[in-house]
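Visitor: Have a look at this one before I ask anything.
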Amino acid sequence: MKCSGPPSGVTENVEIPAVIVLRPTEAGAQVLREVCAGIEEEGVPTRVVVPSGDSDTDSETVVLAHEAAQASRLDVGVALGVEAVVVHHAKLPERSPAQVVPAEAGTTGWRGAGRSAARIVKGLPYGEA
């Protein structure tokens with residue numbers, strides 16, 4: 001017997017586990033591209049979400065990253081801010097992110113932040129970006 005999907009009238013809503021990346025509208029496309037590339041290079045899927053409101057300060061970006069981690073089935077979230085890229089784990093205290101990479105770190109640092117997020121998911125050591 002072949003399985004051909006859900007019975008008629010039943011909607012299949014399966015969300016693939018992924019690192020959630022919150023990208024406020026003011027965060028640059030290049031930052032997003034590098035962070036996602038770092039995550040995907042480690043073989044971990046991403047889901048990009050545009051939050052409502054802005055993240056003007058590092059502390060707001062830290063809170064957003066924690067919220068992303070809480071919403072992720074993989075317990076890891078990343079928030080892109082004007083001043084920093086923040087990687088967070090759902091089980092860490094809200095104000096204690098796993099990693100904060102300053103915006104000035106450039107493409108290598110941004111990609112490293114993505115790689116760190118993926119390595120946290122995989123349970124591997126991660127380093128500074």
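Visitor: Just rank SER116, SER96, SER59, fewest to most, by other beta-carbon atoms within 10 angstrom. All intermediate terms of the calculation are to be shown ahead of the outcome.
Guide: Numbers: SER116 27, SER96 10, SER59 14.
Lowest count first: SER96, SER59, SER116.
Visitor: Cut-off is 10 Å between beta-carbons; in what order do ILE39, ILE120, ILE16 appear when sorted fewest neighbours first? Intermediate results must be reported in sequence, preceding the final value.
Guide: Working: ILE39 27, ILE120 24, ILE16 9.
Fewest-to-most Cβ neighbours within 10 Å comes out as ILE16, ILE120, ILE39.
Visitor: Right, another one. Could you tell me whether region 19-122 comes out rounded, prolate or oblate from its Cα gyration tensor? Rule is a ≥ b ≥ c as square roots of the eigenvalues, rounded for a/c under 1.5, then prolate if a/b exceeds b/c, otherwise oblate. Don't skip to the end; give the middle numbers.
Guide: Values: a/c = 1.36, a/b = 1.05, b/c = 1.30.
Taking the square roots of the gyration eigenvalues as a ≥ b ≥ c, region 19-122 is rounded.
Visitor: Give the residue from VAL101, SER59, GLY77 lying farthest towards the positive end of the charge dipole for region 19-122; charges sit on Cβ (+1 for Lys and Arg, -1 for Asp and Glu) and the dipole is referred to the Cα centre.
Guide: GLY77
Visitor: Only bridges whose two residues both fall in region 19-122 count here: according to DSSP, what percent of them are antiparallel, nearest 5?
Guide: Within region 19-122, antiparallel bridges account for around 55 percent of the total.
Visitor: Which order results if THR25, THR107, THR46, THR61 are arranged by neighbouring Cβ count within 10 Å, fewest first? Could you put the intermediate results ahead of the total?
Guide: On the way: THR25 9, THR107 13, THR46 22, THR61 26.
In order of increasing Cβ crowding within 10 Å: THR25, THR107, THR46, THR61.
Visitor: Summing Lys, Arg as +1 and Asp, Glu as -1, what charge do residues with Cβ under 12 Å from the Cβ of ALA18 carry, ALA18 excluded? Please list the in-between numbers first.
Guide: Numbers: positive: ARG47, ARG73; negative: GLU15, GLU40, ASP75.
Every neighbour counted, the sum reads -1.
Just so you know, all these numbers are worked out from the coordinates, no wet-lab data involved. All figures in this text were calculated on a predicted structure; none of them were measured in a lab. Note: ideal-geometry Cβ built from the backbone for every residue, glycine included; neighbour counts use all protein chains shown.
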